[in-house]
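Below is one structure, written out as structure tokens, with a few remarks after it.
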Amino acid sequence: MRLNNSRKSRNIEDRRGQRMNIGGRGGKIGLGTIVLALVAMYFGVDPSIVLQNVGGPVVTETRTQPPAATPESEFVSKVLADTEDAWAGIFQQKGWGAYQEPRLVLFNGATPTACGTGQSAMGPFYCPADRKVYLDLGFFQQMAQELNSPGDFAQAYVVAHEVAHHVQNLLGVMEQVDQLRRGASTTAANQLSVRVELQADCFSGVWANHSDSQRNTLEPGDIEEGLNAASAIGDDALQKRSQGYVVPDSFTHGTSAQRVRWFKRGFDSGDPAQCDTFGASSL
Ligand SMILES: [Zn+2]
């Protein structure tokens, strides 16, 4: 991506280097949260839902040292700023009112969120209750090394996907889906989650379209990097890696092919109206 001369976002909350001390429950945090985090990771359960159901541990923060900007944190800040510009324009164009920007928290290990304790093992996530994206930059290394998805645009896609969940929150999609999920069977609830995730992928494509057409940010190979990442983090690919077989009913993010298809659809059209995964008869 070409972001060298881009502005940085004011919405980064850098908690790297902060240590989270957990007390009040005799150190009981560990197992439950970690197991849930792993479940969230491997089975694609929306971590914010999981965490809402956990009686969170008592958490205090201690700042150990002010975080220093690194090339990775600067890059994330520029990508976030680019999503702000893109979505502000789209909201204006669509008459959706002013775009309210999300904040992005950089953290290491674990951090308190309005959705419970955020853990690096869950991967990046968005918490609708505090409108913040949570990201441990170590995930980028994991993507490059374990998920075979290197590249700056692959990283930007991850940020854009989480921001897309924020857009869904602003548009009321998350609230509607949460209501539909209540009382639904696990299979039906998972199918709803898939539609939420594929719409976020489509919105990520919409962002990439606007970013490039307005600021000429894409370089040759960038879209391929994004598509490769979308494919590598599809539920079927992740499940095969973790358990050696796939269980379609437990899919909550969509298959690799579906993720690629919806990202492309958003990118080719640049129009969020093309991202109606809820009305689509086939995904
Ligand atoms: Zn997602």
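Each value in this text was obtained by applying a stated rule to the coordinates, not by laboratory testing. Please read all numbers here as calculations on a predicted model, not as lab measurements. Positions of Cβ are generated from backbone atoms using ideal geometry, with glycine treated the same way; all protein chains shown enter the neighbour counts.
Annotations for the structure displayed:
- Computed over region 64-156, the ratio Rg/Rh where both radii use C-alpha atoms and Rh is Kirkwood: 1.00
- Expressed as a fraction of 2.2 N^0.38 Å, the value expected for a compact globular protein of N residues, the C-alpha radius of gyration of region 172-225 is 1.58.
- Rounded to the nearest Hz, the phi-derived 3J(HN,Hα) couplings of region 121-136 under the Karplus curve 6.51 cos²θ - 1.76 cosθ + 1.60 (θ = phi - 60°) are 4, 6, x, x, 8, 10, 9, x, 5, 10, 6, 10, 8, 10, 9, 9, where x marks glycine and proline.
- For Arg2, distant residues with modelled amide H under 5 Å away: Leu218, Glu219
- Relative counts (whole %) of C-alpha pair distances in region 113-236, using bins that are 10 Å wide: 12, 39, 37, 11, 1
- Here the residues Val177, Val133, ranked from fewest to most Cβ neighbours within 10 Å of their Cβ, fall in the order Val177, Val133.
- Remark on region 136-186: ratio of C-alpha radius of gyration to 2.2 N^0.38 Å is 1.56.
- Packing-based ranking, highest mean first, of 156-165, 210-219 given that Cβ atoms within 10 Å are counted: 156-165, 210-219
- Sorted by Cβ neighbour density within 10 Å, fewest at the top, the residues Leu106, Leu147, Leu180: Leu180, Leu147, Leu106
- Between Ala273 and Arg19, the C-beta separation translates, for a Förster distance of 35 Å, into a calculated FRET efficiency of about 0.20.
- If you sort the three axes of the alpha carbon gyration tensor as a ≥ b ≥ c, you get a/c of 1.5 or more for region 116-165 and a/b no higher than b/c, which makes it oblate.
- Take the Cα of Ala184, go 7 Å toward its beta carbon, and none of the backbone nitrogen atoms of region 102-138 fall under 11 Å from that spot.
- Close amide-amide hydrogen proximity is noted between Val105 and Glu13, Val133, Tyr134, Leu135, each under 5 Å apart and 5 or more residues distant or on a separate chain (H modeled in the peptide plane; Pro and chain starts excluded).
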